[in-house]
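*Asks:* Structure below; questions to follow.
Nothing in this text is a laboratory measurement; each read-out follows from the coordinates by a stated rule. Model, not experiment: these values are computed from the prediction. With ideal geometry, Cβ positions are generated from the backbone for all residues, glycine too; neighbour counts draw on all protein chains shown.
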Amino acid sequence: MPTPLRLPIRVLVKGPSIVNWTSWMGGPRTDFTFPRVIEEQLGARGMPSHVQAITMTSEQAKKLPLTWQREVLGFSPDVIVLSYGQFESVHLFLPRWLERHANSLRARQRPVSRFYRKTLVKPVWKSLAQVQSKVDARLKPSFKRSRVRTVPLDMETYIKHVQRVASPLVIVMEVLPPAERQRTWFPGMPARIALMNEANRSMVERVALPNVLWFTTSDLVERDFGGDLELATPDGFHYSPGLHRAIGEKLTDEIARWAATQPHLTTPGTTSAD
């Protein structure tokens, strides 16, 4: 009779480019983002896993209630990791669709498209961004307080929905402010990030479920990079491979602790009683 195998831990990671992008890009294949580090580290502990990172640049929390059925019902993850609030904190008044359009990774490399982007989109975007940065330096960060309310509300709605799928562990991540190189363009963003993190942490406390956790990342910047965001996020926004690894290892610790309490993940062939 074959030896029973343990079920793999199913992990779903959601968020914008801070989940799927390394700073800088183009390094070796061993420059893992933190979802891949989770997969690697669980495997190193003898814990099989199936990790899905469903992310997109400029992804917003407001999409969560719209996509959860397609992404969660069939996959039925044991663990869901959410990283939202950074992109929503970037701009003061510029529309986010313009940010995505101006910096699109889907632009066609054809003469008309290149001319359009070089002579119209990029100059318009840069001029508006310069105006925004000047205004942003003068207004209070609470000017766009509505975003600080809607992001945690969208995540809370999502968390309530996914509890129907056998109560997975949900980890809500702290997001980091921009490094100094980006603060000229977005001077009010650090304060908006602080407000966003506090709102997201308060949402986790309000939900008050033992399987919904708040996860800090700033402590890893202090521990591994001496608090220097320029080293931890070299392009000003995205995590370095080293920070991705530190985050992935810490997340793995949280996942492993929770998995040890789950019979279906510790004992082959174990199912819950009706």
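*Asks:* Could you list Lys62, Lys122 so that the one with the fewest beta carbons within 10 Å of its beta carbon is first and the one with the most is last?
*Replies:* Details: Lys62 16, Lys122 13.
Fewest to most other Cβ atoms nearby, the residues stand as Lys122, Lys62.
*Asks:* Cβ neighbours within 10 Å, averaged per peptide: list 185-195, 21-31, 209-219 in order, most packed at the top. Present the calculation step by step, with values, prior to reporting the outcome.
*Replies:* Numbers: 185-195: 20.0, 21-31: 12.5, 209-219: 15.6.
Final packing ranking: 185-195, 209-219, 21-31.
*Asks:* Right, something else. Can you work out the FRET efficiency for the pair Glu222 and Thr3, with r the C-beta to C-beta distance and R0 = 41 Å, to the nearest 0.05?
*Replies:* On the way: r = 44 Å, r/R0 = 1.08.
Approximately 0.40, to the nearest 0.05.
*Asks:* What ranking do Val204, Val151 get, fewest neighbouring Cβ atoms within 10 angstrom at the top?
*Replies:* Val204, Val151
*Asks:* Here's another thing I want to ask about it. So which trypsin sites (Lys or Arg not before Pro) in segment 142-189 are both in a DSSP loop and have at most 11 other Cβ atoms within 10 Å of their Cβ? Working shown, then result.
*Replies:* Numbers: sites: Lys144, Arg145, Arg147, Arg149, Lys160, Arg164, Arg181, Arg183; in loops: Arg164.
Qualifying residues, ordered by number: Arg164.
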